[in-house]
Every structure is written in structure tokens, then in C-alpha cells.
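Colleague: Below is a structure I'd like to ask you about.
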Amino acid sequence: MTRLLALSDIHNNVNAVRQLKAREGNNYDAMIVAGDIGSDAASEIFEVLRSFECPVLYVFGNWDHSLKYDRAFGDRCHHVHLAPFRIGELSIVGETIDGIDPEWELLRSEIETEDPTNIPAVKKEFSARQRAKLSAIVETEGPERTIVVSHYRLTKTQSFLKGVPFFLFGHIHRFEDSTSRGQRFVNVSALDNKVMVAPRGLKRITRSDYRLINDGSYVVITHERDTGFSVEPRRFDPDFSNWDRVEGIFHSAATEVG
Ligand SMILES: [Mn+2]
């Protein structure tokens, strides 16, 4: 049996990753991160992710534009964008959003100098090429044993990733587990989900009363040769019994509790 811990949308929230570690320990064969790690806190986040003592397989998302595509985060951490990684019988391969692909960055700066109006057309062509590369990798790995990870949910997978049984993604902060024509799509949802609260029953709340509690979620995936994939969403589900939720305003600088 292969056990995978899949998460996404960390948004620089190092504390959320520490909480995850405290909840889950070192019980997994691999961690899968579907992007939006956060450019500012990436080193600290990967430091905690490495402490799970298993391979950390990741792609970037729209929060990760200032991270270098080939930046190293330690031996255990692998950027799986167009670079498959084998875990037991499975092969995990990623697709980082194309804006971060170093090839595209190079191409875009060339076109910007020559003729910026050309960008959409060239980008379309580039995306098609990238899909073809992913498609070729999946063919080589064996589609039936491949998990494809991206930040945004991929489309047209029946045409260019036929036979791939399992897709993981994030970005939309809502767990989802749906199957379409034999392909299963799991939104692993957001690890970072800060809720603003104030002590329960206060008559008059001032700014200094506000606190943040993280109610993040993630997914535990197990795979067995005979039974295939099973998906279990898990949620921090913190204790709100001493707190009232504050709706309509959000102070990101409030102190985090829990
Ligand atoms: Mn995102």
C-alpha cells in the first residue's frame, strides 16, 4: 500500500504546515504539494515539509512567481513539473502553471521586445507543446499508474492524458472528488484557511481583540494494486468554543492562536 499526503495553497502560512506535522507525523510515503506555497516563506515551509522524512513532490502556483523554477529546497524535495517521480508502483508527474516555466519566461521576454501583440498566439502554441511533452512523459511512465499534479485543474485530459486515472490540483479552496469518464479529479483544498475570531461574548470588540485560527484542510490518499485509490479529506476542525467568528472584516496581522 502507498500512502500519500496531498496539500495545496499554503500561502506563506508556515504555522499551518507545523500544525499539519503535529497532526500527521511521519506516516507517509510521499507528500504532494499542488502549488501556492508562497514566495516569501518557501524556505521555512520546505524545511517543515522535509521533516516528514519522505519525498516532497511539488508544483508551483500563482503565488509562487518569484520562486526560481530550479531552486533547490533540499535532497528530498522535487519539483515534478514535467519530471516524473516514482513512488512504489506509482509515477507522479506535475504541470506547473506555464508562467513559471523557464522556457516560457525566456520566450516571453523575446516576444515582448519584438512584438508584444504576438504573446497570446505564441503562448497558445507554447502550451500545446508543453501538453505534448506531458503527454509523452505519461506514455513512457505508463498512464495507468500515473498521477498528474497541477495547481489549476487540467482540461481536455481525455485527449492528451488518456488512461491517467488520477489528477490532483488546488487553487479553488474547496475539497472536491469527482470522476469523469474514468478519470478522477481531486481538489485537495487549502491548508491555509485563516478564520478571524474574537473572544466569545465580548460586548464591545476592538481591533486588539481579533485573533486568527487556521481551519485548513488536506487529503490522505492510499493506493493499493487491487482496490485502486481511496481519498480521505481531513480538516483541522479547531475548537471554536471560546471564540465568536468575526464576519466581514479580516486583519491579516492579527495574532494567530491554536
Ligand atoms: Mn492559487
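Colleague: Could you tell me the relative contact order of the chain? Use alpha-carbon pairs under 8 Å, at least six residues apart, and round to a whole percent.
Modeller: It comes to 18 percent, rounded to a whole number.
Colleague: Taking a ≥ b ≥ c as the square roots of the eigenvalues of the Cα gyration tensor of the range 78-162, is the shape rounded (a/c under 1.5), prolate (a/b larger than b/c) or oblate?
Modeller: It is prolate, given that a/c is not under 1.5 and a/b is the larger ratio.
Colleague: Contour minus end-to-end for Glu47 and Glu247, with contour as 0.36 nm per residue of separation and end-to-end as the Cα-Cα distance?
Modeller: Extra length from Glu47 to Glu247 when fully extended: 68.6 nm.
Colleague: Next question. Between beta-carbons, use under 15 Å as the cut-off and find the net charge around Leu5, counting Lys and Arg +1, Asp and Glu -1.
Modeller: +3
Colleague: Computed FRET efficiency, Cβ-Cβ of Glu105 and Thr206, R0 45 Å: what is it to the nearest 0.05?
Modeller: 0.45
Colleague: Additional query: Let a ≥ b ≥ c be the square roots of the eigenvalues of the Cα gyration tensor of the range 103-233; is it rounded (a/c under 1.5), or, if not, prolate (a/b larger than b/c) or oblate?
Modeller: Taking the square roots of the gyration eigenvalues as a ≥ b ≥ c, the range 103-233 is oblate.
Colleague: How many angstrom lie between the C-alpha centres of the range 152-189 and the range 202-225?
Modeller: When both Cα centres are located, 25 Å separates them.
Colleague: Counting Lys and Arg as +1 and Asp and Glu as -1, what is the net charge of the other residues whose Cβ lies under 11 Å from the Cβ of Asp36?
Modeller: Value of the local net charge: -3.
Colleague: Order by neighbour count: Ser150, Ser135, Ser43, Ser241, fewest other Cβ atoms within 10 Å first, most last.
Modeller: Ser241, Ser43, Ser135, Ser150
Colleague: Using a Förster radius of 41 Å, what is the FRET efficiency between Thr227 and Ala22 based on their Cβ-Cβ separation? Nearest 0.05, please.
Modeller: 0.85
Colleague: Neighbour counts of other C-beta atoms within 10 Å: give me Met196, Met1, Met31 arranged from fewest to most.
Modeller: Going from sparsest to densest Cβ surroundings: Met1, Met196, Met31.
Colleague: Can you tell me the orientation of helix 14-24 relative to the chain, as the angle in degrees between its alpha-carbon axis and the longest Cα principal axis, to the nearest 10?
Modeller: Roughly 90 degrees between the two axes.
Colleague: Along the range 141-146, what does the Karplus equation 6.51 cos²θ - 1.76 cosθ + 1.60 (θ = phi - 60°) give for ³J(HN,Hα), rounded to whole Hz, x for Gly and Pro?
Modeller: 5, x, x, 5, 10, 9
Read-outs throughout are calculated quantities, based only on the coordinates presented, and are distinct from any laboratory measurement. Here the structure is a predicted model, which means the values were calculated and not measured. Positions of Cβ are backbone-derived with ideal geometry, glycine not excepted, and every protein chain shown enters the neighbour counts.
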